[in-house]
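Shown next, in structure tokens, is the structure this report addresses.
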Amino acid sequence: MWVLLLLPFIGLLWVPFYNTATPALFGFPFFYWYQLAWVPITAVLTWIVYRSAGHGDEP
Amino acid sequence: MSVAADLDWTALSVCIFFFALVTVMGFGASRWQKGTADHAHLDEWGLGGRNFGTWITWFLVGGDFYTAYTVIAVPAQVFAIGAQGFFALPYTIVVYPIVFAIMPRLWTFAQRHGHVTAADVVYGRYGSRGLELAVALTGLLATMPYIALQLVGMEVVIKALGLTGELPLIAAFAILALYTYSAGLRAPALIAFVKDIMIYIVVLVAVAFIPYKLGGYGAVFDAAGQAFAQKPPTPPSGLTLKASQYWPYATLALGSALAAFMYPHTLTGIFASKSANTIRKNAILLPAYTLLLGLIALLGYMAQAAGVKPATPNDTVPTLFRTLFPGWFAGFAFAAVAIGALVPAAVMSIGAANLFTRNVWKAYVNPGVTHAGEAQVAKITSLLVKLGALLFILFAPVQYALDLQLLGGLWILQTFPAVVFGLFFNWFRAPALLLGWAVGFLGGSFIAYTDGLKPLHTVVIGGANYTVYVGLLAVLANIVVAAIANVALRATGTGTARTAQGL
């Protein structure tokens, strides 16, 4: 499950993949909403790793 | 202090009200969250009793990592150059998987052995005074200009309120110094609640209200894009990156993320946590601030769309707020930024004071210092550190602080191998890590200096040019040199410490 933590690095550090204006969302060019979308995605991925490692039951 | 003609009394009154509120809280904080423990102990003054739970840590680290300077400088960069200034977003996203993987281990090791600083951890793990001192001095050196930059953030809003002269800044800092002295880490932890809630309110109102006034986000981005189209091709600017900016963007984000939690102020928030799980939960919850930062960055484009003409890029946000908001809300926003400078400045001075006390004073001056003596040395050091930063801002050009803060990021990144590797494996020995640190620190500084103190350096590999963050280059050299030296040490059977603590 720890491999999930690598996904944000791939998604955000491979810059040419997302360096475009379109498709826009709510007026935001792709470059902006794509990166903003990685904020909740990263939090959820980290939470999945946290749950799967059994930390949810620790103090 | 003289009063400028455009003094906004409403804004000023609101600002002073909130400043007075946090001052009272700061002095009252010494009694907050206090158990039965003896207050005259560095764990109490410098780490708040190591008892901060998930929410306190969330506010404290959020208030301390996303500094006032960030609120001023990130939109300023986005205003000036566009997409490249946005690297703060991927930086503050990928930082959290790094925190999640590393910091619970660091906390566990530190808590077990009573370590208060990163240099303590390194001394404990490797038993090397030399490596400890390298980490401690790097931390002190990197923190000082960072405190000075918080003053820059505060100066910008004081100016925006219409006040001139140095007196307001000196007064604000003197108050901060006094309550940090008396309440320690509890003061910024408590004030962080107010600061963060204020910043959230300001930003959420701004990102809803300003685009509404300017015709929506689409119109904001269009206007900013047109403004960039009018600009000369160098330095590159625009709503998306030029191909030449891909490597700078990615390496600045990654290098900054690796460096972020090596600073004394961010680590202080980690060490002060109640448990390893407090840190894990925060790695999941702190990205809420990153979302906020992304929206703050967009204020740069809103300023473009509003046709604001700031005197300097750093005046972008205050000028935008003064132009579009009524006086009372502008005052509230400026108070949020000014208080936003107090929290990190306090935690930075505490982190620096802890380093000096544990790794310089206790290690070299008075090894037999009592717990109460440690707390006293740290309190006085925190005063001196803040005084130094204030004098620096009053008497040295601001550009020096900016240059030194840039180098500070490069420097602090060089402590990463020494602090982190030992938490995961036993392979490295102290002399190898010390050599790697020296190569990264000196080599990186030299390259940055010869490049005219720019964060980016162009390397040629196989005939192709890559422009990358110099700090990341330096830490790669650091790791490679440490690994080679370590192979040599192990082959000759030297360099093992006698007193290393197990994980």
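Going by the structure shown, is B:G294 at the interface with chain A (Cβ under 10 Å from one of its Cβ atoms) and either polar (S, T, N, Q) or under 20 Å from B:G63 (Cβ atoms) (or both)?
When the stated conditions are applied, B:G294 passes them.
Residues of the stretch B:201-249 being closer than 30 Å to B:A464 by Cα and aliphatic (A, V, I, L, M), which ones?
B:A229, B:L239, B:L241, B:A243
Would you be able to tell me the number of residues in the stretch B:369-406 that are of a type in the set (S, T, Y) and not in a helix (DSSP H, G or I)?
1
Please go through the stretch A:26-37 and pick out each residue that is facing another protein chain (nearest Cβ under 7 Å) and within 16 Å of B:Y96 (Cβ to Cβ). It would help to see each step written out before you state the result.
Of the residues in the stretch A:26-37, the ones facing another protein chain (nearest Cβ under 7 Å) are A:26-29, A:31, A:35-36.
Matches in the stretch A:26-37: A:Q35, A:L36.
Quickly run through the stretch B:413-451 and pick out the residues that are modelled with pLDDT of 95 or more and of a type in the set (S, T, N, Q).
B:Q414, B:T415
What is the residue count in the stretch B:423-447 for residues that are part of a helix (DSSP H, G or I) and either without any contact (Cβ under 8 Å) to a residue 40 or more places away in the chain or within 15 Å of B:L476 (Cα to Cα) (or both)?
Of the stretch B:423-447, the ones part of a helix (DSSP H, G or I) are B:423-424, B:430-447.
Filter once more, keeping what is either without any contact (Cβ under 8 Å) to a residue 40 or more places away in the chain or within 15 Å of B:L476 (Cα to Cα) (or both): B:432-447.
Result for the stretch B:423-447: 16.
So, in the stretch A:1-28, exactly how many residues are β-branched (V, I, T) and touching a Gly at 6+ places or on another chain (Cβ under 7 Å)?
0
When the residues of the stretch B:65-115 are filtered to those that are in a helix (DSSP H, G or I) and among the hydroxyl-bearing types (S, T, Y), which remaining residue is surrounded by the fewest Cβ atoms within 10 Å (Cβ to Cβ)?
B:T108
Of the residues A:P40, A:P23, A:P16, A:P8, which is outside any helix (DSSP H, G or I) and either at pLDDT below 95 or at the interface with chain B (Cβ under 9 Å from one of its Cβ atoms) (or both)?
Sole residue among the options that is outside any helix (DSSP H, G or I) and either at pLDDT below 95 or at the interface with chain B (Cβ under 9 Å from one of its Cβ atoms) (or both): A:P23.
Taking only the stretch B:448-495 into account, find how many residues are within 19 Å of B:A257 (Cβ to Cβ) and either without any contact (Cβ under 8 Å) to a residue 24 or more places away in the chain or in a loop (DSSP other than H, G, I, E, B) (or both).
So the count comes out to 3.
Looking only at the stretch A:48-57, how many residues end up being surrounded by fewer than 19 Cβ atoms within 10 Å (Cβ to Cβ) and either facing another protein chain (nearest Cβ under 7 Å) or in a helix (DSSP H, G or I) (or both)?
Of the residues in the stretch A:48-57, 6 are surrounded by fewer than 19 Cβ atoms within 10 Å (Cβ to Cβ) and either facing another protein chain (nearest Cβ under 7 Å) or in a helix (DSSP H, G or I) (or both).
Looking at the structure I just gave you, is B:V468 surrounded by 17 or more Cβ atoms within 10 Å (Cβ to Cβ) and either of a type in the set (D, E, K, R) or within 21 Å of the chain's Cα centre (by Cα) (or both)?
For B:V468, the condition - surrounded by 17 or more Cβ atoms within 10 Å (Cβ to Cβ) and either of a type in the set (D, E, K, R) or within 21 Å of the chain's Cα centre (by Cα) (or both) - is not met.
Suppose we filter B:G35, B:G82 for residues that are at pLDDT below 95, within 14 Å of another protein chain (Cβ to nearest Cβ) and farther than 25 Å from B:A338 by Cβ; which single one remains?
Details: B:G35 fails: within 14 Å of another protein chain (Cβ to nearest Cβ).
That would be B:G82, the only listed residue that is at pLDDT below 95, within 14 Å of another protein chain (Cβ to nearest Cβ) and farther than 25 Å from B:A338 by Cβ.
Sort out which residues of the stretch B:169-195 are among the β-branched types (V, I, T), farther than 22 Å from B:G53 by Cα and crowded, with 20+ Cβ neighbours inside 10 Å, and write them in order of number.
Those that are among the β-branched types (V, I, T), farther than 22 Å from B:G53 by Cα and crowded, with 20+ Cβ neighbours inside 10 Å: none in the stretch B:169-195.
Is the stretch B:159-178 home to any residue that is within 19 Å of B:A341 (Cβ to Cβ) and touching a Cys at 6+ places or on another chain (Cβ under 8 Å)? Walk me through it before giving the result.
Restricting attention to the stretch B:159-178, the residues satisfying the condition of being within 19 Å of B:A341 (Cβ to Cβ) are B:159-178.
Right, trim to touching a Cys at 6+ places or on another chain (Cβ under 8 Å) and you get B:161.
Yes - at least one qualifying residue is present in the stretch B:159-178.
The values are calculated or read from the model by the stated rules, or taken from the named source; none is laboratory data. The model shown is predicted, which means the values in this text are computed figures rather than measured ones. No Cβ is skipped: glycine too gets one built from the backbone with ideal geometry, and neighbour counts run over all protein chains shown.
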